[in-house]
Structure formats: structure tokens, C-alpha cells
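These notes are about the structure you will find just below.
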Amino acid sequence: MADSESQAEGYGDVDLVAGETVKMVAGSALFAALAAALAQVAVPMPGPLPPVTLQTTAVFLAGLVLGARWGGFAMLLYIATGVAGAPVFAEGSAGLGTLVGASGGFIVGFLLAAVAIGAVVHRGLGTRSLAAVSVPTQVVAICLGIAIIYVVGTPYMAFVLDWSLGKAFTFMLPFLPGDLAEMAAVIGLVYAGELTELTG
């Protein structure tokens, strides 16, 4: 009888793990799709500069809601979908050419930023309820994510365009207020409790 109960508990644990994995995979697909949709909300910038988009909102949300492991997976899924040819990058662009172009470093930065945000907010690779995370911690996490996107993307853009690093960072400054506004909007959603249910 004891063996039967142990087996039942074991199966229950497996079901819980499988159910959680399915939930996280679905969540990753959702945030990858959100990144793709928000990438199409684009304001073109002059010359070779990447357009202003809302897709960093999806990056912030993926890290906050899914954590480091699955938030990173969501952005990896987004990138892989674009490289495979789906028009999910900014202004409907797609393919490996976009990834190796001037905006490619920022796209890779999205993945690293989601991982970093999740790691800070959830204290590692697991997840915890956002209700237990202070607003200052969320601000620090997202600011770190923004810094990673710029630190990875701007030097690569400078390399592709044969610009000096100083020139590249100067041209990227106008993007920063928009990123901070998106951060404020995301934290407002968390503070209002709109995302708490998604993290348990």
C-alpha cells in the first residue's frame, strides 16, 4: 500500500512538473509573439539607425513574468523565428541579414536583457510571485536590462556602420527616454496587480 501511495505521489510530481513546463513554454510563445507584434509599432529613424519600437516592452515583461530561463527562451524563440524568415523584426524585416545588420546587436541584447531581468527579479533561474518583488528591485532589474541592450547593441552597430563608439552612443541617446517610459508602463502594470496572477 505504501508503495502504491509513493508511486501515486511520484506521478503527481511528474504531472506538476510537466504542467509547469507546458505553462512556461506557452508563456514563452506568448511573449515571443508579443515582441513580434510590438516590433511592428515602429517610428523610422534617419539614416541607418534602427527604428523606435515598443518591443523592449515585451523584453521587460518576459524577464519579469517568466524569469531568467524562460524569459530568455522567449526571446530566443523570437530571434529564431525571425532568422527562419518570419517577418517579426522591426518594420516586418526578417532573415539572418537583419541579425548581422546594424540592429543585430540590439536583438541579441534583448535575449541577454530578459535573462538578466529575470535573474535579478526572481533571484536566480526560478520564479517567484511578482507581488513579493519590490518596485525598486524591478526598476534596478529593468535598468540593468536596458543597459545590456545598449552595451551589446551600440558597439556592434558602430562596428557595422564603421562609426566611432562615441558617435554611436550619441546617436542612440534619443532612444533612452522611450525605453524609460516603457519601463514605467510595465512597472505600473505590475504595481496595479495586472501581472501578479501570471507569476503565482
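Over the chain, calculate the relative contact order: mean separation of alpha carbon pairs under 8 Å at least 6 apart, over the residue count, as a percent. Walk me through the numbers on the way to the answer.
Working: 310 pairs, mean separation 40.3, N = 200.
Computed value for the chain: 20 percent relative contact order.
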query = Angle between the Cα long axis of helix 104-122 and the longest principal axis of the chain, 0 to 90 degrees, nearest 10?
reply = 40 degrees
request  = For the range 27-105, calculate the relative contact order in percent as a whole number, restricting contacts to Cα pairs under 8 Å that are 6 or more residues apart.
outcome  = 33 percent
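With 30 Å as the cut-off, how large is the P(r) tail for the chain, expressed as percent of Cα-Cα pairs? Mind dumping the intermediate values first?
Working: 4963 of 19900 pairs.
Within the chain, distances greater than 30 Å cover 25 percent of Cα pairs.
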remark   = Taking a probe of 1.4 Å and leaving out DNA, RNA and ligands, the chain shows per residue an accessible area in Å² of 49 Å²
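Kindly identify the range 23-68 as rounded, prolate or oblate by the Cα gyration tensor criterion: order the square roots of the eigenvalues as a ≥ b ≥ c, call it rounded if a/c is under 1.5, otherwise compare a/b with b/c, prolate if a/b is larger, else oblate. Numbers along the way, then the final one.
Values: a/c = 3.86, a/b = 2.55, b/c = 1.52.
Cα axes put the range 23-68 in the prolate bin.
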query = Considering the range 12-94, what Rg and Dmax in Å follow from its alpha-carbon atoms?
reply = 14.7, 57
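For the chain, which whole percent of the accessible surface, found with a 1.4 angstrom probe, sits on carbon and sulfur atoms? All intermediate terms of the calculation are to be shown ahead of the outcome.
Values: 6870 of 9700 Å².
Using a 1.4 Å probe with all protein chains present, the chain comes out at 71 percent carbon and sulfur.
When only C-alpha pairs under 8 Å and at least 6 residues apart count, what is the relative contact order of the range 80-135, in percent? Write down the numbers at each step before the final one.
Details: 34 pairs, mean separation 9.4, N = 56.
Relative contact order comes out at 17 percent.
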ask   = Taking the Cα-to-Cβ direction at residue 184 and at residue 86 and moving 7 Å from each Cα, how far apart do the two end points lie in nm?
value = 3.3 nm
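Would you tally the net charge around residue 55, using a Cβ to Cβ cut-off of less than 14 Å, leaving residue 55 out, and scoring K and R as +1, D and E as -1? Numbers along the way, then the final one.
Working: positive: none; negative: 91, 179, 182.
It works out to a net charge of -3.
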note = In the chain, taking the dipole from +1 charges on Lys and Arg beta carbons and -1 charges on Asp and Glu beta carbons about the Cα centre, the listed residue (171, 113, 89) farthest towards the positive end is 171
query = Pairing the Cα long axis of helix 176-191 with the longest principal axis of the chain, what angle in degrees results, from 0 to 90 and rounded to the nearest 10?
reply = 20 degrees
inquiry  = I'd like to compare 59-70, 119-130, 155-166, 103-114: which one has the highest average count of other Cβ atoms within 10 Å, and what's the full order after that?
reply    = 59-70, 103-114, 119-130, 155-166
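The values are calculated or read from the model by the stated rules, or taken from the named source; none is laboratory data. Values in this document were obtained by computation on a predicted structure and should not be read as measured data. Cβ sites come from the backbone with ideal geometry, for glycine too, and all protein chains shown count toward neighbours. All accessible areas refer to the heavy atoms of the entire protein, side chains included, with ligands and DNA or RNA removed. Shrake-Rupley method; radii C 1.70, N 1.55, O 1.52, S 1.80 Å.
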